[in-house]
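Here the structure is laid out as structure tokens; the discussion comes afterwards.
Taken together, the values in this text are just the output of simple stated rules run on the coordinates, not laboratory data. These figures come from a predicted structure and were not determined experimentally. Every residue, glycine among them, receives a Cβ derived from its backbone with ideal geometry; neighbour counts consider all protein chains shown.
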Protein chains: 2
Amino acid sequence: MAATIRDIARHAQVSITTVSRVLNDRPDVKDATREKVNTAIKELGYSPNIVARGLVLQRSNVIGFIVPDITNPSFPELARGIVNKARSYGYSVMFYDTNHDRSVEKEAIRLLRSKQVDGIILSFNEANKEELERLRLEHFPIVQIYRKSSNSVVPTIALDNIASGYKATAYLLSLGHTRIAHISTGEDVQSGSERLQGYRDALAEAKVPYDEQLVVCGPNTAESGKQCMQHLLALPPERRPSALFACHDLMAAGAYDAIYDANLRIPDDISVVGHDNNQIAELIHPKLTTVDTFKYALGEKGVDLLVEQILSDKPVNRIVESSTELIIRESAQALMT
Amino acid sequence: MAATIRDIARHAQVSITTVSRVLNDRPDVKDATREKVNTAIKELGYSPNIVARGLVLQRSNVIGFIVPDITNPSFPELARGIVNKARSYGYSVMFYDTNHDRSVEKEAIRLLRSKQVDGIILSFNEANKEELERLRLEHFPIVQIYRKSSNSVVPTIALDNIASGYKATAYLLSLGHTRIAHISTGEDVQSGSERLQGYRDALAEAKVPYDEQLVVCGPNTAESGKQCMQHLLALPPERRPSALFACHDLMAAGAYDAIYDANLRIPDDISVVGHDNNQIAELIHPKLTTVDTFKYALGEKGVDLLVEQILSDKPVNRIVESSTELIIRESAQALMT
DNA sequence: TTGTATGCGTTATCAA
DNA sequence: TTGATAACGCATACAA
């Protein structure tokens, strides 16, 4: 049985109030008594019960973190940023992986609140609107990752996907490419539709006509990236792209596969630019030119935004956008004419 | 302010005891009263404070999970197995990433215990012996991942690395290779030394002499895998390997790089087998033949082992070994003679 | 079948 | 500078 504050009090011949004072570094304790208490703490190997403390202080110093799938390559780094930053604030992180299941998302929220977390950082698969709205109405501290829900005002950390899609496309244009294909997760996925918008903006600015045959959509998996690319390679030669912008590195990796299967070379025959700068970008061959999204920093900013809400009494309704940066590696080159 | 059991009692005109009975599905409540209480719960949107419940029941239904680096590709899947299995047992998971820092490991344990977790699953970078021993002496439920500490008896979930190293090597031997190189994390890392042992066992069984020039060591990173491979390719032609077994997929991916830089082809010029079957194995080209370690299942087994300790009064000192399986893809082929 | 009273480990109020 | 006592939200022994 672990020692309690009462055991320390008895052992040091003082009241539990005094022990509590020592534990919380209060000034109004005589040095001699403080000493007595501290040795008792050492002798009994006492460690305070933070849960009981939380009960009276009405805060747990725990935050929740809910993701749809931690094996999605964007999340581990984000998670790291979150737990480390949280630790620096004195918060622990309770973690849920919902496997994209909406009912699990609901359950996770319910459980986290039952466990009295002080706030929740979450990335919901589809904007699970009702849940978020309910939390917002209660002024429960919450931070949404990535998704800027258009008509809601949940505090969010997000990317400027339009700008990053523009950057990737503009880079390919600067290399002389005009037939630039785009593999996208489609209009239904917010990040996908935004990156597509950036792609279109860049084309428009360069006065390159938008060719809808060059835009193929599928879910964010390598397999789907491969299929999309196969689709593009099946176009008649004169319509075929000389470059590709894939809206996720994972899809770019799948596209590599299709390109190799067609006995084409990267970047000699086709240039590829990805998005996200996941670990795999440096592992596939040739190393993938892609857009870094600074996920670790994004996680840190998420914690900042959450803690701000926890400490503030007035509602915080802010969207924090994180910057992105094109990382030039080996998968794109100037168009040979 | 969230409603409490007392609010429900008042609202339903019953005692808090009765409310508690309803909450815990006790049979000794008249249906009519149960109804009254339940509607009160609905009306006030009440959700029980599990932390307070934990204080009296002396358990939190939370387990801790400590990893050195969640971005290491083996961990996300393991984490998934753990949180999902834990959820099925009614446990939440408090997560720490120590960034390989020993002092953070210590702090994480201290914090988790202060937060009254019922048990901890951890993977310590080096066997942080003292900490583990202390926990074991207190009969605090704990499960160690991967590392079988030789002289301690901390419950562990591990891999049979000798068998898996043997499997990988035997496969290359069966393809006719005799000059099989091995990229290893070295004798200092337990998994590395065990896989090396399996490699040697397979060679010995096939009566292929062990050539220490063919074994190169480095840390588990792609960069180090590349350097190791460069080292091997620098051998005089007659001593050069026709096949490679890398003890981690990440190092195999690095080796790919060195092989491509040397203008050699995989598997035509050199066959490669990795270990771990991480996501990247299917993304690099050609797809990597490797050994699957069933990380999700391993996480589940870890939770089983931990919950067994939590529920049992007698100490559990068991090492659970998980099986491994060779996954044949495209990176190895029969030796051309 | 229901309610009263006590305690889980801690902090805060107030008095000494 | 110290201590007695009442909370925090809940479960439970015991009484009614």
Normalising by the residue count of the stretch B:5-56, find the relative contact order in percent from Cα pairs under 8 Å and 6+ residues apart. 36 percent
Would you calculate the separation in nanometres between label points at B:Q13 and A:D160, each defined as 7 Å from the Cα along the Cα-to-beta-carbon direction? 6.3 nm
Using θ = phi - 60° and the Karplus relation 6.51 cos²θ - 1.76 cosθ + 1.60, list the HN-Hα couplings for the stretch A:278-288 in order, rounded to whole Hz, with x at every Gly or Pro. 6, 3, 4, 4, 8, 9, 7, 10, x, 3, 7
Mind listing the label-point distances from B:E308 to the same position on all other copies, shortest first, one decimal in nm, points 7 Å along Cα→Cβ? 4.9
Sort the protein assembly as shown into rounded, prolate or oblate with this rule: let a ≥ b ≥ c be the square roots of the eigenvalues of the Cα gyration tensor; rounded if a/c is under 1.5, and if a/c is not under 1.5, prolate when a/b is larger than b/c, oblate otherwise. oblate
Per-residue Cβ neighbour rank within 10 angstrom, fewest leading, A:K295, B:K301: B:K301, A:K295
Rounded to whole Hz and in sequence order, give me ³J(HN,Hα) for the stretch A:106-118 from the Karplus expression 6.51 cos²θ - 1.76 cosθ + 1.60, θ = phi - 60°, writing x for Gly and Pro. 4, 4, 4, 4, 4, 4, 4, 5, 4, 7, 6, 4, 7
Treat the count of other C-beta atoms within 10 Å as a stand-in for reagent exposure and order A:S242, A:S123, B:S15 from fewest to most. B:S15, A:S242, A:S123
Within 10 Å of each candidate Cβ there may be at most 15 other Cβ atoms; applying that plus a DSSP loop requirement, which chymotrypsin sites (Phe, Trp or Tyr not before Pro) in the stretch A:1-98 survive? A:Y89
How many partner chain Cβ atoms sit within 10 Å of a residue's Cβ in peptide A:84-95, on average, as a whole number? 4
For the stretch A:309-318, just list the computed ³J(HN,Hα) in residue order, Karplus coefficients 6.51, -1.76 and 1.60, θ = phi - 60°, integers in Hz, with x standing in for Gly and Pro. 5, 4, 7, 8, 9, 8, x, 10, 10, 10
Could you work out how far the C-alpha centroid of the stretch B:242-256 sits from that of the stretch A:237-284, in angstrom? 23 Å
Quick check on the exposure proxy: order B:M251, B:M94 from fewest to most C-beta atoms within 10 angstrom. B:M94, B:M251
Could you pull out the trypsin sites (Lys or Arg not before Pro) across the stretch B:185-227 that fall in loop regions by DSSP (anything but H, G, I, E, B) with no more than 14 other Cβ atoms inside 10 Å? B:K207
Counting only other chains, what is the mean number of Cβ atoms within 10 angstrom of the Cβ of each residue in peptide A:267-279? 1
Under the classification rounded if a/c is under 1.5, otherwise prolate if a/b is larger than b/c and oblate if not, where does chain A fall, given a ≥ b ≥ c as square roots of the Cα gyration tensor eigenvalues? prolate
If you count, for every residue in B:103-114, the Cβ atoms of partner chains within 10 Å of its Cβ, what is the mean? 2
From the label point of B:A234, set 7 Å from Cα along Cα→Cβ, how far away are the matching label points in the other copies, in nm, ordered shortest to longest? 4.9
How far, in whole Å, is the nearest Cβ of chain B from the axis relating it by rotation to chain A, and which residue carries it? B:F95, 2
In nm, to one decimal, how far is the A:E43 label point from the A:H100 one, both placed 7 Å along Cα→Cβ? 6.0 nm
Using alpha-carbon positions, the gyration tensor of the stretch B:161-293 gives root eigenvalues a ≥ b ≥ c; with a/c under 1.5 called rounded, otherwise prolate if a/b exceeds b/c, else oblate, the class is rounded
For chain B, take the longest principal axis of its alpha carbons; what is the angle in degrees between that and the long axis of helix B:190-205, to the nearest 10 within 0 to 90? 40 degrees
Per-residue [θ]222 nm for chain B (sum of -39500 (n - 2.57) over DSSP H runs n ≥ 4, rounded to 500): -13500 deg cm²/dmol
Taking amide H atoms as placed 1.01 Å from N in the peptide plane, list the residues 5 or more away in sequence, or in a different chain, whose amide H sits under 5 Å from that of A:V273. A:L244, A:F245, A:A246
Over chain B, what is the mean sequence separation of C-alpha contacts under 8 Å (at least six apart), divided by residue count, expressed as relative contact order in percent? 17 percent
What residues from the stretch A:26-44 fall in the zone where the backbone N is under 16 Å from a label point 7 Å along the Cα-to-C-beta line of B:E138? A:41-44
What are the lysines whose alpha-carbon lies under 24 Å from the alpha-carbon of B:K30, with same-chain residues fewer than 8 places away excluded? B:K42
Amide hydrogen neighbours beyond the local backbone of B:V215, cut-off 5 Å, H modeled: B:H182
Quick one: label points 7 angstrom along Cα→Cβ at A:E205, distances to the other copies in nm, smallest first? 6.1
Under 5 Å between amide hydrogens, which residues at least 5 positions from A:I120 or on another chain qualify, with H placed 1.01 Å from N in the peptide plane? A:G64, A:I142, A:V143
